[in-house]
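Undergrad: Below you'll find the structure I mean.
The values are calculated or read from the model by the stated rules, or taken from the named source; none is laboratory data. No experiment lies behind these values; they were computed from the predicted model shown. For neighbour counting, all protein chains shown are included, and Cβ atoms are generated from backbone atoms with ideal geometry for every residue, glycine included. For accessibility, only protein heavy atoms count, side chains too; no ligands or nucleic acids. Shrake-Rupley method; radii C 1.70, N 1.55, O 1.52, S 1.80 Å.
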Amino acid sequence: MDGKNAVLVWLCLAGVLGSCASASRSSPPPNAGGSGPPAGLSEREREGFYHLAQGNEHLWLAVLRALPSRSTLEGRVAGFQSFLDEPERFGLLSDPDSPEVLPVGVALVPATERHPVARVGINCAACHVGEFHYGDARVRVDGAPSLLNMDDFNREAVEVLARTLVDRTQLLAFLERLAVYLPEQTRGGPPPRLEELDDERLQEAYPDTDLTPDGNSSAREKLVAEVEWYCGSQETSPCRPPVLGSEPARLREFDEQLVQYVHELSRRQVRTVPDAIRVLRGHLLYFMRLGKLRFATHAGPGRVDAFGVARGVLFGPQAAGVLDAPVSYPCLWEFQTSPWLHWDGNTNSIMERNIGQALGMGAIVDRRTFESSVLPRNLAEMERLSRKIVSPRWPEEAFGALDAARIERGRGLFAQNCQGCHDKPGVIPLEVVGTDGNRARSFASMVGDMEFPAALQDLLSRVKQRAYAREAMSPEEIRPLEPGIVYWRAPMGYVSRPLAGIWASPPYLHNGSVPTLWDLLQPVARRPARFPMGQHEYDPEKVGYVTEVSGTPRFTFDVSMPGNGNGGHEYGTGLSDEEKRDLIEYLKSL
């Protein structure tokens, strides 16, 4: 691919790993038919949903395991803590059944003769598997929105990569850890211990650099000398972080470096110490990609301004402007009820939507030929698995039994106040629903003299056709994935959908600006203006995340920020408190 025409598209960050080992296994799927096998994913299908590759696997597993965490660099932990340790700080979930000790939503491409390095990337499960805590109970729900915080992940990755590159002590320690982890990547299972590194293993890791001990120097002394020589061998040191400026020439130079890194990444094998340093610098380039864009509002846990970032990465920072339209990750079972996808119902194409998601998570595409690294058969399989996910039932054993009398009273209140919009899916115009309009307006923006939906459709359609041809997919395979005539549009409103499983999709409204159903039933003036986000603790009475936490919150949602407005959707706000409790009890039962 030509560096001038190739584009690395990145909406959310690839390579997020690990999770809390104390989390329970997925909650059992509900039984839709009353007899026979349970509905939802089987255990085998669940593992596929959690870890299937999509074509965006570009980050080296060994590099991420050898990288220190911010806590390590700041001396806040004893010993070494990997960037991958305690990743619950990024809102990630564990998969206890993963033999590679990878969390939900991380795909692994093992090392092969053709691609000698094990690589990882993120798939849609990282954003679409949720977990809720109440007391000692842990309830995991496939298809529910997660609390993945891509802002925090990106910031820490850039920080620790840059500090490791420029600090000789940290760089040497990284190279030693990489020498342990890199040769182990074809063997599977947990990584080895750093104590296993000896002179022989250090030489094995970097076979074309002479690290063999002699009468004058040990292997580690030779490693130090090699690093000092390489980092000081050029006028512009290769051990300095890349510079990301706003000038067009500087941006083009950065893009060319990034494209070269991505293309080399799947082929390169570390043979020398300079090889390893270049790979480390390449990972920093990869994570710096979003630095070209300007954000008015941080998304925080469980949200992303996906299409704003897409517009900037595909068509340039000027086309993106200032990004101010973050939205929540939606629950997957909702989107099986409507032919229109996303919060604003902007497309009816399953496959183009999924290709866009793969590109958005780090796959590459050549803008001249439209060849890409996306894997359409795997995307089709992810779609099949997603369609098997069913809306979850209220977990009475964890959150408490439902009140049948309240449910019956709430049923009538739902019919009077909610059913008109939520009985059948459809787009509710902004002037009717009254909720924050930044997302809808953002998607309707222009790219030069072309509307963004049309420009996006042109790109995705071409990428799709090339991917089908590359994998020789038959018409029989393709037909179930296509709606006939594909539409991308900007309807200037938001889709109302049936509310099955609504208890498992907080916070509420498209932008996550209301923490609980109880708060959503209050007039706008009484809804929380600021509340903590990122915690899994659940409130079964108000139905949503708790709004009081001890200590410093992981993130504070502020409705005064652009795109964060909590206005509109004031349906049912005139009910009495008892009537609101009845309505909420009914909503729990859906």
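Undergrad: Expressed as a rounded percentage, what relative contact order does segment 299-357 have, with Cα pairs under 8 Å and six or more residues apart?
TA: 25 percent.
Undergrad: Loop only per DSSP, at most 10 neighbouring Cβ atoms within 10 Å: give me the trypsin sites (Lys or Arg not before Pro) in segment 66-118, ordered by residue number.
TA: Here the sparse-neighbourhood loop sites are Arg76, Arg114.
Undergrad: Sum -39500 (n - 2.57) across every DSSP H segment of at least 4 residues in the chain, then divide by the residue count to get the 222 nm mean residue ellipticity, nearest 500.
TA: Taken over the chain, the calculation gives -10500 deg cm²/dmol.
Undergrad: Let me ask another. Between segment 96-171 and segment 357-422, what is the C-alpha centre distance in whole Å?
TA: Rounded to whole Å, the Cα centres lie 21 Å apart.
Undergrad: Sorted by accessible area (1.4 Å probe), largest first, how do Thr552, Thr297, Thr547 line up?
TA: I get Thr552, Thr547, Thr297, largest accessible area first.
Undergrad: Compute, for segment 447-587, the length of the dipole vector about the Cα centre, with Cβ point charges of +1 (Lys, Arg) and -1 (Asp, Glu) only. Units Debye, rounded to 20.
TA: Rounded to the nearest 20 debye, it is 480 debye.
Undergrad: If you don't mind, there's one more thing I want to ask. If you place +1 on the Cβ of every Lys and Arg and -1 on the Cβ of every Asp and Glu, how big does the dipole about the Cα centre of the chain come out, in debye to the nearest 20?
TA: For the chain, the charge dipole is close to 1160 debye.
Undergrad: Could you put Ser550, Ser98, Ser217 in order of accessible surface area, largest first, with the 1.4 Å probe and the full protein assembly present?
TA: Ser550, Ser217, Ser98
Undergrad: Defining a contact as two alpha carbons under 8 Å apart and six or more residues distant in sequence, what relative contact order in percent does the chain show?
TA: It comes to 18 percent, rounded to a whole number.
Undergrad: On to the next question. Per the 1.4 Å probe, what fraction of the accessible area of the chain, in percent, lies on carbon and sulfur atoms?
TA: Percent of accessible area from carbon and sulfur atoms in the chain: 50.
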